[in-house]
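A.B. asks: Input: one structure, supplied below.
The values are calculated or read from the model by the stated rules, or taken from the named source; none is laboratory data. In this text, all values refer to a predicted model and were calculated from it rather than measured experimentally. For neighbour counting, all protein chains shown are included, and Cβ atoms are generated from backbone atoms with ideal geometry for every residue, glycine included.
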Amino acid sequence: MKISISELLDLTDGELLHPGNAADITGMASLDEAGPEDVSFLGNEKYHQDYLKTSAAVVLLPEGVPEQPAPDKSVALVRVKNPSIAFADLAKHFFAAREFMPGVDPSACIAMEVHFDPDKVCIKAGAVIESGASIGEGTEIGPGAVLGSGVHIGKNCLLHANVTVREGCMIGDRVILQPGCVIGSDGYGYELIDGRHEKVDQFGIVVLEDDVEIGANTTIDRARFGKTTIGEGSKIDNLVQIAHNVKIGKHCLVVAQSGLAGSSSLGDYVTLAAQTGVSGHIMIHDRAVLSARAAALKDLDGDTVYMGMPARPLREEQKKLASVARLPKLVKELRDLRHRIEELESG
């Protein structure tokens, strides 16, 4: 695949600041690894030194970056509204979307009364699909995936290798499930009876609405009763644990190694950064942001950034941390004062 500078400008809606020496662009790379036929982008100030030293053919720049200092004159500079998004648009052009090839691999194990059109779905080697499941048009079921009885998979979904969707769960349209994720495992429920932990049966399901993406090895537990729900457009990263009866709103972001305890709820456009924790039976309201390793132990208002354990509004937590940082100095001052008092008393 090759594109010219003029094609690149059309694809990115960019403004050419400096033409450089580039002819055709054949690849994409980071600033420090790009060669004389690659396009790259500057999306973060901390990579400015890489930008100054890059050997890329073309660099996409955000608005507001001065033309000087700049890399070698051979590098073409293109200003775009959002370099990261423009770079992603180019990636779609360079790396065309997966080729969908309908058909059923003969090694797939498909029960009777599974509803799908074999000319409009792709079921790969070793997949297991139990009775009563249904699969929408344009959906691909990866190798080794398992769909339980009564599972519904919508249109144009992509289930990668070794995905498990247990019985009764409902998957909307255009959902992506990365390798190894488990949808609908039992919720973690036990009652202590006569000194023994007795399992509480989990009869509910998981519902993933349209355009949801679930990361590799993430687990989403079925509800004890009713539904565990992931709202439209929400994106869940790898190695996330979502417990039974959790409700996640629309267009939320939940980043790696985070955990949501049972019956907790997120509003719309909530962001949980890496390794955050959400206690059970609480509500985090619309557009709240929890920074990395924050722990939500009570209901949190929306439109606020939180950090710390327990999670507090950002400025409040920063003031607390600043005070803690001063403690060694304060302890030394206190010791000095105590010593002076002892000297005065002894004199």
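A.B. asks: Looking only at segment 11-23, decide whether some residue is at pLDDT 90 or above and among the small types (G, A, S).
C.D. replies: Yes, segment 11-23 has at least one match.
A.B. asks: Is segment 131-143 home to any residue that is closer than 30 Å to A23 by Cα, under 29 Å from the mean Cα position of the chain (by Cα) and among the charged types (D, E, K, R)?
C.D. replies: No; the residues of segment 131-143 include none that is closer than 30 Å to A23 by Cα, under 29 Å from the mean Cα position of the chain (by Cα) and among the charged types (D, E, K, R).
A.B. asks: Considering only segment 1-15, state which residues are loosely packed, with under 15 Cβ neighbours inside 10 Å and either in a strand (DSSP E or B) or over 28 Å from the mean Cα position of the chain (by Cα) (or both).
C.D. replies: M1, K2, S4, S6, E7, D10, E15
A.B. asks: Please find, within segment 262-276, the residue that is surrounded by the fewest Cβ atoms within 10 Å (Cβ to Cβ) out of those that are assigned to a loop (DSSP other than H, G, I, E, B) and small (G, A, S). I'd like the intermediate steps shown before the answer.
C.D. replies: Within segment 262-276, the first condition is being assigned to a loop (DSSP other than H, G, I, E, B), and the residues that meet it are 262-264, 267-270, 273-276.
Narrowing further to those that are small (G, A, S): 262-264, 267, 273-274.
Values: G262: 19, S263: 19, S264: 23, G267: 19, A273: 19, A274: 15.
Among residues in segment 262-276 that are assigned to a loop (DSSP other than H, G, I, E, B) and small (G, A, S), the one surrounded by the fewest Cβ atoms within 10 Å (Cβ to Cβ) is A274.
A.B. asks: Would you say V305 is more than 17 Å from S279 (Cβ to Cβ), β-branched (V, I, T), assigned by TED's automatic domain parsing to the domain that holds V278 and in contact with a Phe, Trp or Tyr (Cβ under 8 Å, 6 or more places away or on another chain)?
C.D. replies: No, not satisfied.
A.B. asks: Let me ask something else about it. Restricting to segment 148-173, give me the number of residues that are farther than 13 Å from D210 by Cβ, assigned to a loop (DSSP other than H, G, I, E, B) and of a type in the set (A, V, I, L, M, F, W, C).
C.D. replies: Final tally of qualifying residues: 4.
A.B. asks: So which residues in segment 229-239 are buried (at least 20 other Cβ atoms within 10 Å of the Cβ) and in contact with a Cys (Cβ under 9 Å, 6 or more places away or on another chain)?
C.D. replies: I230, G231, S234, I236
A.B. asks: When residues of segment 16-56 are filtered for being farther than 14 Å from F87 by Cα, in contact (Cβ under 8 Å) with a residue 12 or more places away in the chain and not in a helix (DSSP H, G or I), how many remain?
C.D. replies: Result for segment 16-56: 15.
A.B. asks: Name, by its number, the condition in (1) farther than 22 Å from H281 by Cα; (2) in contact (Cβ under 8 Å) with a residue 60 or more places away in the chain that does not hold for D211.
C.D. replies: Tallying (1) farther than 22 Å from H281 by Cα; (2) in contact (Cβ under 8 Å) with a residue 60 or more places away in the chain, D211 fails exactly one: (2).
For every residue, the table says whether it meets (1) outside any strand (DSSP E or B); (2) touching a Phe, Trp or Tyr at 6+ places or on another chain (Cβ under 9 Å); (3) surrounded by fewer than 19 Cβ atoms within 10 Å (Cβ to Cβ).
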residue	(1), (2), (3)
A216	yes, no, yes
F225	yes, yes, yes
H244	yes, yes, no
K250	yes, yes, no
Q257	yes, no, yes
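A.B. asks: Something else about it: Return the pairs, sorted by first residue and then second, in which the second residue is outside any loop (DSSP other than H, G, I, E, B) and of a type in the set (S, T, Y), the first residue lies in segment 138-166 and is in the same structural domain as V114 (by TED's automatic domain parsing), the beta carbons are less than 6 Å apart, and the residues are 6+ apart or on different chains.
C.D. replies: Going by the 6 Å Cβ cut-off, the qualifying pairs are V146/T164; H152/S134.
A.B. asks: Does at least one position in segment 78-92 carry a residue that is among the β-branched types (V, I, T), assigned to a loop (DSSP other than H, G, I, E, B), farther than 23 Å from L158 by Cα and in contact with a Leu (Cβ under 6 Å, 6 or more places away or on another chain)?
C.D. replies: Scanning segment 78-92 turns up at least one residue that is among the β-branched types (V, I, T), assigned to a loop (DSSP other than H, G, I, E, B), farther than 23 Å from L158 by Cα and in contact with a Leu (Cβ under 6 Å, 6 or more places away or on another chain).
A.B. asks: Also: Looking at segment 57-67, which of its residues are part of a loop (DSSP other than H, G, I, E, B) and either touching a Phe, Trp or Tyr at 6+ places or on another chain (Cβ under 8 Å) or closer than 10 Å to H18 by Cβ (or both)?
C.D. replies: If the condition is that a residue be part of a loop (DSSP other than H, G, I, E, B) and either touching a Phe, Trp or Tyr at 6+ places or on another chain (Cβ under 8 Å) or closer than 10 Å to H18 by Cβ (or both), then E67 is the only one that fits.
A.B. asks: Next up: Looking only at segment 277-300, count how many residues are hydrophobic (A, V, I, L, M, F, W, C) and either in a loop (DSSP other than H, G, I, E, B) or touching a helix residue (DSSP H, G or I) at 6+ places or on another chain (Cβ under 7 Å) (or both).
C.D. replies: Qualifying residue count, segment 277-300: 5.
A.B. asks: Determine, yes or no, whether V128 is more than 24 Å from the chain's Cα centre (by Cα), of a type in the set (A, V, I, L, M, F, W, C), surrounded by fewer than 20 Cβ atoms within 10 Å (Cβ to Cβ) and under 23 Å from E99 (Cα atoms).
C.D. replies: Answer is yes for this residue.
A.B. asks: Among the candidates E317, E343, which residue alone is under 30 Å from L253 (Cβ atoms), outside any loop (DSSP other than H, G, I, E, B) and either modelled with pLDDT under 90 or outside the structural domain of Y269 (by TED's automatic domain parsing) (or both)?
C.D. replies: Exactly one of E317, E343 is under 30 Å from L253 (Cβ atoms), outside any loop (DSSP other than H, G, I, E, B) and either modelled with pLDDT under 90 or outside the structural domain of Y269 (by TED's automatic domain parsing) (or both), namely E317.
A.B. asks: Being in a loop (DSSP other than H, G, I, E, B) and aromatic (F, W, Y) is the filter; apply it to segment 93-118 and report the residue that is surrounded by the fewest Cβ atoms within 10 Å (Cβ to Cβ).
C.D. replies: My answer is F95.
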